[in-house]
Amino acid sequence: MCSSDLAAFRELIDFRRAAIVGFSALPTCALSAYFYTRLSGPGVSLVLGLMLVALVPARHALAKVEKRFSNPMLAACGVGYGALVGGTSGTGVLLIAILLAAGLQARAVIATDAATTFLIGIAKTVVFQGAGAMPLSSWIMALVIGVAVTPGAFIARRIGDRIDAKSHLAILDGVVVFGGMLLAYQGAREMWG
């Protein structure tokens, strides 16, 4: 999905912030991706989900005092994001929350998320392939999914062009909260049955 988002939103990418988060996340992403090939952790999903839900009101509180993540804070978030994204699935909403807290707005969040996710995806793929965790069937499934979601990025672009930034932000907040609740639920269900 991120490659089609890259194509649809390419002129809106904040390359500086994508590089800060992406390159900060690479080492911890590679390390956690390697460990992911060795173990799994529903507790991580639970904690991550609850953290995501908490990030939305935290971002609103920062906005009220007109504070945004500085570049060092963005890099620190990138390190943490890398550790999570390398070893878990469904953590993309965390990156959206980080980019929103850094001050990006509306479609620039989607574009910068796509650029960062593309970089991180390459790193994870290299690690998974090197660990023997990417059989041919995974490559085929990735190709099928990529082709299937490509039109969605361009439809999202057209919708994004027609709604105001405040509405777009509310939608992104909703996605972050929903994704966080879903992750927390999945983690709790796996832990406690």
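Might you check whether a residue that is among the aromatic types (Phe, Trp, Tyr), open to solvent by 90 Å² or more (accessible area, probe 1.4 Å) and either in contact with a Ser or Thr (Cβ under 9 Å, 6 or more places away or on another chain) or farther than 26 Å from Leu31 by Cβ (or both) occurs anywhere in the stretch 122-132? Looking for residues that are among the aromatic types (Phe, Trp, Tyr), open to solvent by 90 Å² or more (accessible area, probe 1.4 Å) and either in contact with a Ser or Thr (Cβ under 9 Å, 6 or more places away or on another chain) or farther than 26 Å from Leu31 by Cβ (or both), one finds none in the stretch 122-132, hence no.
Here the condition is being part of a helix (DSSP H, G or I) and farther than 16 Å from Leu6 by Cβ; of Ile120, Ile98, it holds for Ile98 alone. Among the residues of the stretch 137-178, the ones that are under 25 Å from Leu50 (Cβ atoms) and in contact with a Ser or Thr (Cβ under 9 Å, 6 or more places away or on another chain) come to 0 in all. Inside the stretch 76-108, residues that are open to solvent by less than 30 Å² (accessible area, probe 1.4 Å) and small (Gly, Ala, Ser) make up a count of 10. Just one of the numbered conditions (1) out of contact with any helix residue (DSSP H, G or I) (no Cβ under 7 Å at 6 or more places or on another chain); (2) open to solvent by less than 80 Å² (accessible area, probe 1.4 Å); (3) touching a residue at least 12 places away in the same chain (Cβ under 8 Å) is not true of Ile145: (2).
Taken over the stretch 82-101, the criterion of being more than 8 Å from the chain's Cα centre (by Cα) and closer than 25 Å to Gln129 by Cα is satisfied by Gly82, Ala83, Leu84, Gly86, Gly87, Thr88, Ser89. So, of the residues in the stretch 9-51 that are assigned to a loop (DSSP other than H, G, I, E, B) and not polar (S, T, N, Q), which turns out to be most open to solvent (accessible area, probe 1.4 Å)? It comes out as Arg38.
The values are calculated or read from the model by the stated rules, or taken from the named source; none is laboratory data. Fair warning: this is a prediction, and the values are worked out from it, not measured in the lab. Every residue, glycine among them, receives a Cβ derived from its backbone with ideal geometry; neighbour counts consider all protein chains shown. We work out accessible area using only protein heavy atoms, side chains counted, and drop any ligands, DNA or RNA first. Shrake-Rupley method; radii C 1.70, N 1.55, O 1.52, S 1.80 Å.
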